[in-house]
Amino acid sequence: MTRWIDISQPLDENVPVWPGDTPFSYRLTWTKEDTGSVNVGQLTMSTHTGTHIDAPFHFDSSGKKVIDLSPDLYLGPVRVVYLKHPQTIGPEELKGENLEGVSRLLIRTDTWLDRSSFPAAIPPVHPTLAPFLAERGIRLLGLDLPSVDPLDSKELPAHHALTSHGVHILEGAVLYRVEAGDYEMVALPLPLTEADGSPVRAMLRPI
């Protein structure tokens, strides 16, 4: 049987978060010793910790929240493309890739390999990538990066462009051991009714 590949960032106190965002913590609020029967834990974390999806509400106060997004976006065939250390991610970088029939795309860049610290800079997605993907029927873009925009951006042009063209966003995937090719993906967000994003357990299985 073909084995699934976990492309999720492990969640513990060492997971890097966006500077100033809520650090991850887990603690036992009840212990088996105290209760006589069970351990019960408590999580504190940002909705954008580790491998996660962005809902449009993250950057648009009138945008859809996590619960409004179709689970189908995060289930099904996906193509992994390897762009080694690009300066930016736009149509020019993908012009040699066959994207026919692709509805979900993961881009491996290998520019954030040290997952113990937040990167100082990343290759951003150029806003012109949004119509390029939409014209080819791609509805989900995933990256091995914490954002699709420059880390110091306030306008978030790539976030807005992707959403306006119907392309949803998956960030923080761990792809450095994943070969380019076609896979089946599961990366479901939690059913959070008011949230701007959600951590996911993202898995790939070669097709």
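Of the residues making up the stretch 31-62, those that are within 19 Å of His160 (Cα to Cα) and either more than 21 Å from the chain's Cα centre (by Cα) or surrounded by fewer than 16 Cβ atoms within 10 Å (Cβ to Cβ) (or both) number 3.
Only one of the numbered conditions (1) more than 14 Å from the chain's Cα centre (by Cα); (2) surrounded by fewer than 20 Cβ atoms within 10 Å (Cβ to Cβ) is not met by Thr163, and that is (2).
Counting only strands (runs of 3 or more DSSP E) wholly contained in the stretch 120-207, the ones carrying 3 or more residues that are of a type in the set (A, V, I, L, M) and in contact (Cβ under 8 Å) with a residue 12 or more places away in the chain occupy 140-143.
When the test is whether a residue is out of contact with any strand residue (DSSP E or B) (no Cβ under 7 Å at 6 or more places or on another chain), under 28 Å from Arg104 (Cβ atoms) and of a type in the set (Gly, Ala, Ser), Gly76 does not pass it. The set of residues in the stretch 25-80 being more than 20 Å from Asp6 (Cβ to Cβ), among the aliphatic types (A, V, I, L, M) and not in a loop (DSSP other than H, G, I, E, B) consists of Leu28, Val40, Val66, Ile67. Quick check, is Asp110 of a type in the set (D, E, K, R), at positive phi and either at pLDDT 95 or above or surrounded by fewer than 16 Cβ atoms within 10 Å (Cβ to Cβ) (or both)? Taking the combined requirement at face value, the residue satisfies it.
The values are calculated or read from the model by the stated rules, or taken from the named source; none is laboratory data. Note that the structure is a prediction, hence the values are computed from the model and not measured. FYI the Cβ positions are ideal-geometry reconstructions off the backbone, even for glycines, and counts take in every protein chain you see.
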